[in-house]
Amino acid sequence: MQVVIAEDAPLLREGLTRLLEDRGHAVVATVADGDGLLSAVAAHKPDVAVVDIRMPPTHTDEGLRAALQLRRDFPATGVLMFSQYIETSYSAQLLEGGAAGVGYLLKDRVANVAEFAAALERVAGGGTALDPEVVSQLFRASRQRGGLATLTPRERQVLALMAEGRSNSAIAAELVVSGGAVEKHVASIFTKLGLPPDESDNRRVLAVLHYLGSPALAASAAEGVVAARGPRELTGQARAAQAAADHRHVGPLPWLAVEEGPDPPGELGPPL
């Protein structure tokens, strides 16, 4: 995996470099500002970029603006925002362009090197990783939008675990229920969110985006979430998600970790 690191703190920049190189990844460039990030990505075409939000010269949102530009100009490169600040608008802007290949982790909450590396690899591979505190802020900012009130408490639990990227069997183990019970809950969630079967879209991803409560996310889900597959027309499922965009609110989620691909046989969504 090839990585570009955009971080203005030298110690953290070097620490991340050593951490990733020790795990066999190639850090092809390290930079300290947004312009350097865009130049490095253009030169090296890395699999993923680790980007701080607040960088020179003003230390406000330079990293975010560079990341958004990176997403537009180099969609094949994943973006993992790595900041000590929670900014829900930042998360929404990144995800509005499609959830595939986006992450947002908090510096002071990443204590496990293996988890950080796994999240980075997931983002590089087209998945998504959001720190639970980031998602909790999204919940508090969007909970008044309404729409998911028809879900039962158990269905909300299942949907939260779906957002972690867990398989049905893992959800069953966590909730101490049968696999068949989980399948029924997931099917009910899809029905209540207006997501009928459609082989060309991942209903699990769309359900999670519903849960985040952003109409812009739901409207772009079918195209953005599966951006790695190339452009295509919105399917009936995506149109259903878009039509339901103003009928939802969010609930608190743990890690949002969604990988792309069609639902495998006997499983209603991909494992972590």
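The values are calculated or read from the model by the stated rules, or taken from the named source; none is laboratory data. None of these values were measured; they are calculated from a predicted model. Here the Cβ is made from the backbone with ideal geometry for all residues, glycine too, and neighbour counts use every protein chain on show.
When you scan region 50-62, do you find a residue that is at pLDDT 95 or above and surrounded by fewer than 16 Cβ atoms within 10 Å (Cβ to Cβ), even just one? The answer is no, given that none of the residues of region 50-62 is at pLDDT 95 or above and surrounded by fewer than 16 Cβ atoms within 10 Å (Cβ to Cβ). Test Ala149 against the stated conditions and say whether it is over 21 Å from the mean Cα position of the chain (by Cα), farther than 30 Å from Glu21 by Cβ and modelled with pLDDT under 75. In short, yes. Here region 162-189 is the region considered, the condition is being assigned to a helix (DSSP H, G or I) and modelled with pLDDT under 85, and the residue that is farthest from Val135 (Cα to Cα) is Met162. The set of residues in region 4-47 that are surrounded by fewer than 20 Cβ atoms within 10 Å (Cβ to Cβ), part of a loop (DSSP other than H, G, I, E, B) and in contact with a Ser or Thr (Cβ under 9 Å, 6 or more places away or on another chain) contains only Lys45. Take the conditions (1) at pLDDT 90 or above; (2) under 19 Å from Ala163 (Cα atoms); Val28 misses just one of them, which is (2). Taking the criterion of being of a type outside the set (D, E, K, R), farther than 17 Å from Ala76 by Cα and over 11 Å from the mean Cα position of the chain (by Cα), the residues of region 104-130 that qualify are Leu106, Val110, Ala111, Asn112, Val113, Ala114, Phe116, Ala117, Ala118. Please work out which residue is surrounded by the most Cβ atoms within 10 Å (Cβ to Cβ), limiting yourself to region 107-140 and to residues that are out of contact with any Phe, Trp or Tyr (no Cβ under 8 Å at 6 or more places or on another chain) and outside any helix (DSSP H, G or I). Among those residues, the one meeting the criterion is Thr128. Residue under question is Leu68, and the condition is that it be modelled with pLDDT of 95 or more, closer than 23 Å to Ala100 by Cα and in the same structural domain as Val113 (by TED's automatic domain parsing); does it hold? No, not satisfied. Collect the residues in region 48-80 that are among the small types (Gly, Ala, Ser) and part of a helix (DSSP H, G or I), keeping them in residue-number order. Answer for region 48-80, where residues must be among the small types (Gly, Ala, Ser) and part of a helix (DSSP H, G or I): Gly63, Ala66, Ala67. Exactly one residue out of Asp22, Asp61, Asp47 is within 23 Å of Gln84 (Cβ to Cβ) and out of contact with any Cys (no Cβ under 8 Å at 6 or more places or on another chain): that is Asp61.
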